[in-house]
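These notes concern the structure reproduced below.
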2 protein chains.
Amino acid sequence: MKGLGMYIPTFADVEAAAVRIAPHVHRTPVLTSRFLNGLTGAELFFKCENLQKAGAFKARGASNAVFGLTEAQAARGVATHSSGNHGTCLSYAAGRRGIPCTVVMPRTAPQAKKDAVRGYGGRVVECEPSTSSREAVFAEVVAETGAEFVHPYNDPRVIAGQGTCSLELIADVPELDAVIAPIGGGGMISGTCLALSHVAQGVKIYAAEPEQADDAFRSFRAGHIIADDAPETVADGLKVPLKELTWHFVRSHVTDILTASEEEIVEAMKLIWKRMKIVMEPSSAVPLATILKNPDLFRGQRVGVIITGGNVDLDKLPWMRG
Amino acid sequence: MKGLGMYIPTFADVEAAAVRIAPHVHRTPVLTSRFLNGLTGAELFFKCENLQKAGAFKARGASNAVFGLTEAQAARGVATHSSGNHGTCLSYAAGRRGIPCTVVMPRTAPQAKKDAVRGYGGRVVECEPSTSSREAVFAEVVAETGAEFVHPYNDPRVIAGQGTCSLELIADVPELDAVIAPIGGGGMISGTCLALSHVAQGVKIYAAEPEQADDAFRSFRAGHIIADDAPETVADGLKVPLKELTWHFVRSHVTDILTASEEEIVEAMKLIWKRMKIVMEPSSAVPLATILKNPDLFRGQRVGVIITGGNVDLDKLPWMRG
């Protein structure tokens, strides 16, 4: 913990999270596809967090943070900045506990994302689409409400919550050789590292990232965090950089980080929609894209694949562009 | 049976089908959505045949027909005419038994449908897009191969097979007030009538149909089969008319037939994709569309909703048209 300046969650925190969030999240199903097994030569086990409450695994971390608050903290509510699933999921969790939730979002964020936060009872406060505006507006919100800040991923409560996903996966599918999940800020991967390094130490952990937002890939090779400014990728959940806490887990426990092109991601996404009949986000297709790209790495292996979320704009599917 | 000229399947046939097809089909899950329950005021239980083998409930009827053949019959193979899920599913079932399957299809049928038949090992024989050409070509195929004709729905083996779906539904969700399924030729509805009239007699059975292909609705009111010539609807699995055997079940057991407009069907389809994160066909959305249209009929009721299939062209989603 020295030098990190933050509490590093332990396996006991994951176990506590599992108990704490159980009434508020789904134990999501694990699906398989004979077709995709044939195509990859691997045995794939898809952990379907797209079927999670509020449509994403982030309901786990958000619920763990919200339901771990004292009554006094809870009365002041929670706040975050996120134009993605974390904002929606924090609003969901706060709504379940009946406490206020404020999400700071650029005014340019998609209407659907604002509606989703409001749909669960949260308040959206708009900022300009710049880091300085976001920070200023967020500081105002916290000063005014005293709300507890729940970071989308660089938060021990959030990471411990995300760890419950792999805990379920390994319970449902013993004897996995590897688990692969997308990496953006690294919350899911960190939770996976935390859980598996205790209950399934031999299991390799792969992170999958878009080539066009490969900051984690380059950080992993460089040995220190590299953050890019506003990368562009269809996998829009994966644009954010690693932070100190997630970097701690990534550097210590991840076997490798694999990347895929935009085209490969979209192709994998269509393949999953078509063959598995599930709606998931582009971000969730990155793992399959990298498996298809690295067949020798996965052939003959039993691989857990985390489908991270299902919140996609049906009117703007990536293969409809142009 | 008098006057019908065909064997009418019995509940014993459904029970036999359940045993016969068990190794070849999925026991599909039943999903629920708190959001859709809130929206409709009903408790909805979605039986997900979009997750069935080959992507549709028709794998049940086709498997029952194929695996019920004698060795001598099986050696000559099976044949059908279908540009929809039945052709794909018959090919799937024949592939599982390792026997020949021929599907006669208009040359204008979507390439994806031809590919799907071939993907499971079946042979596609093309005809002109007219009834006379189809009948002539089909007669040739049968004369040449001696193949067993498996009609898409007007076949006792097929209806008994489809009946296994509701049998599973009622076992998983006891105390249903109603079951609703789409109606085209009436195979699924007939199987549902056959199963439920034996194991759950109090359960109301609703059939849901597109307004633009409402021949079953009008038949039900007129008291005799009305067949339309080439109706046009986004719910392309529901264009075919009732036949003698399915009409027998519809007239005797169906509580009512409800209809929905094209717009209502597409809206219900998007709603299911968005909130339940599953990929299903426009035809499968017709039941929810009619539930939303008739709230008083379903409010407070426990309703089984059969999602019939998930084979949709991702490049031509109905809300992308125009």
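Just to confirm the number: angle between the C-alpha axis of helix A:262-276 and the first principal axis of chain A, 0 to 90 degrees, nearest 10?
In chain A, helix A:262-276 runs at an angle near 80 degrees to the longest axis.
Tell me the trypsin sites (Lys or Arg not before Pro) within the stretch B:270-300 that lie in a loop according to DSSP and have at most 13 other beta-carbon atoms within 10 Å.
B:299
When a/c is below 1.5 the answer is rounded, else prolate if a/b is larger than b/c, else oblate, so apply that to the protein assembly as shown with a ≥ b ≥ c taken from the square roots of the Cα gyration tensor eigenvalues.
Prolate is the answer for the protein assembly as shown, as a/c is 1.5 or above and a/b outweighs b/c.
Would you mind checking the tilt of helix A:85-97 against the longest principal axis of the Cα atoms of chain A, expressed as 0 to 90 degrees and rounded to 10?
Computed tilt is about 60 degrees.
For a quick check, take a GNM of chain A with Cα springs below 10 Å and name the residue from A:91, A:130, A:63 with the largest mean-square fluctuation.
A:130
Rounded, prolate or oblate: which one fits the stretch B:59-149, using the alpha carbon gyration tensor with axes a ≥ b ≥ c (rounded when a/c is under 1.5, else prolate when a/b beats b/c, else oblate)?
Oblate, because a/c is 1.5 or more while a/b does not exceed b/c.
Does a label point 7 Å from the Cα of residue A:252, set along Cα-to-beta-carbon, have any residues of the stretch A:169-197 with amide nitrogen under 18 Å, and which are they?
A:186-197, by backbone N distance to the label point.
If you fit an axis through the alpha-carbon atoms of helix A:187-199 and take the longest principal axis of the Cα set of chain A, what angle between them do you get, 0 to 90°, nearest 10?
The answer is roughly 60 degrees.
Quick check: convex hull over the Cα atoms of the stretch B:89-248, volume per residue in Å³, rounded to an integer?
Looking at the stretch B:89-248, the number lands at 138 Å³ per residue.
For the stretch B:125-148 and the stretch A:209-246, what is the separation of their C-alpha centers, rounded to whole Å?
58
Output needed: percent of Cα pairs per 10 Å distance bin for chain B, bins running from 0 to the one holding the longest distance.
For chain B, the pair-distance distribution reads 6, 29, 38, 22, 5, 0.
Take chain A, connect every pair of alpha-carbon atoms lying under 10 Å apart with a spring to form a Gaussian network, then pick out the residue of A:215, A:155, A:172 with the largest mean-square fluctuation.
Of A:215, A:155, A:172, the Gaussian network model singles out A:172 as fluctuating most.
At residue A:126, label 7 Å along Cα→Cβ: distances to the other copies, nm, ascending?
When each copy's label point is compared with this one, the spacings are 5.4 nm.
Can you tell which of A:196, A:242, A:31 shows the greatest fluctuation in a Gaussian network model of chain A with Cα springs below 10 Å?
A:31
Check cross-link reach from residue A:243 to the lysines: straight Cα distance under 20 Å, and skip same-chain residues fewer than eight apart.
Hits, sequence-local ones excluded: A:2, A:58.
Checking the table A:47/A:316; A:270/B:114; A:277/B:113 against a 21 Å threshold on Cα-Cα, which pairs fail?
A:47/A:316
How far is residue A:10 from itself in the other copies, in nm, if each label sits 7 Å out from Cα along the Cα-Cβ line, shortest first?
6.8
Would you mind classifying the stretch B:49-109 by shape? Square roots of the alpha carbon gyration tensor eigenvalues, ordered a ≥ b ≥ c; an a/c under 1.5 is rounded, otherwise it is prolate if a/b is larger than b/c and oblate if not.
Taking the square roots of the gyration eigenvalues as a ≥ b ≥ c, the stretch B:49-109 is oblate.
State, to one decimal in nm and shortest first, how far the label point of residue A:111 sits from each corresponding label point in the other identical copies (label point: 7 angstrom along Cα-to-Cβ).
3.6
Each reported figure results from applying straightforward, stated rules to the coordinates on display, with no laboratory input. In this text the structure is predicted, and so the values were computed from the model without any measurement. Ideal geometry is used to build each Cβ from the backbone, glycine not excepted, and the neighbour counts take in all protein chains shown.
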